[in-house]
1. I'd like the FRET efficiency for T235 and H91, computed as 1/(1 + (r/R0)^6) with the beta carbon distance as r and R0 of 30 Å, rounded to 0.05.
2. How would you rank 119-130, 243-254, highest first, on the average number of other Cβ atoms within 10 Å across their residues?
3. Compute the acute angle (0 to 90°) between the alpha-carbon long axis of helix 248-259 and the principal axis of greatest extent of the alpha-carbon atoms of the chain; round to the nearest 10°.
4. Given the peptides 229-240, 22-33, arrange them by the average over their residues of other C-beta atoms within 10 Å, most packed first.
5. Can you give the FRET efficiency to the nearest 0.05 for R151 and R249, using r as the Cβ-Cβ distance and R₀ = 45 Å?
6. What full-extension length gain, to one decimal in nm, is calculated for D106 and D47 as 0.36 nm per residue of separation minus the Cα-Cα distance?
7. So which lysines pass the test for K256, namely a Cα distance under 30 Å, with those fewer than 8 places away in the same chain ruled out?
8. Restricting things to alpha carbons, find the Rg to Rh ratio for the stretch 127-230 using the Kirkwood radius for Rh.
Amino acid sequence: MLTCDTYHMPTNLRDALEIWSGAPEGSSLISGATDILPWAREGRAGDVHIPSFVDVTKIKELDGHTVANGRVRLGANTVYQDFLTDASLRHLLPCMPYCAIWFADDQIREQATFAGNLANASPVADGTPPAAALNASLELARLDGGNIKTRQLTVSDFIVGPGRTLLQPDEIITAVSLDAVAGYGGSFQKVGQRRSLVISVACCAALVKADSTGRYFDDLRLALGGVGPRPMRLTAIEARLRGERISHRTIDQAAKLAADEVASRSRQEYRRDVVIGFVKSALEEALENQPDIDVTYEDLGETENA
């Protein structure tokens, strides 16, 4: 059973920060709150009493998104369903719809926030590989002498380990900023016991942009989750593939290199095999989803005749 003494629903950021900075120890800041009941359910945490909940869903400053200087700023109340229903977000963040469709079900996606998923800092959180691939940074706000002060942290700096972040006790996440990558093909791969409503064993996000001829890798981003304590960006493989001729052979080689990055302590060999398949599938799917360009594999004939 989950109980609390007080439940606050501030309507502006300043009030929220004042309430949150004065909340008793053990209080909880929530938005979608989709993890609270499962966490408190008997068998995970048993009976749980929270002194105070601070619910930020009514704060308009945390809603919506803006685009400027090649970046998309998502208010902290942005939910996973927005990546499926908002045409602008689908265009600007082309790996996020593939991530969102894997994320739980329609009802949970309408509640679960992207920022909250990052704040949980689970090694297998669906949102962390796309965030890493999109060079995400988090905007954190706090009160300082009566003034609202903000700071920015990249997602790779923000998450320091499983369930651990650099979010300070008096801070609230107000936004997540990501690269706008319209024109890239996107993909997200996840393995679990079923397609959704499951915590993944490992996951992979890919963004690929072919050159104008559709024959060469112009740019790409690859990131993994569930293979170490934090999301992992595969920058060495990205650099290796840029400018390379697109071929199944090249993708296979990159996938095998990615398996060397697995650092998980459990089921390591299984995760290595999964990563090889993920990276291969993610790159191929992202190329297939490349808008306005017909991609040609150098060894297509060899693959068809094999």
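1. 0.75
2. 119-130, 243-254
3. It works out to around 40 degrees.
4. Ranked by mean Cβ neighbours within 10 Å, highest first: 229-240, 22-33.
5. After rounding, the FRET efficiency stands at 0.50.
6. The span from D106 to D47 would gain 18.4 nm if fully extended.
7. The reachable lysines, counting only those whose Cα sits under 30 Å from K256, are K190, K209, K280.
8. Result for the stretch 127-230 is an Rg/Rh of 1.07.
Laboratory data are not the source of any read-out in this text; all were calculated from the coordinates shown. Source: prediction; values computed, not measured. Using ideal geometry, Cβ is built from the backbone for each residue, glycine included, and neighbour counts are taken over all protein chains shown.
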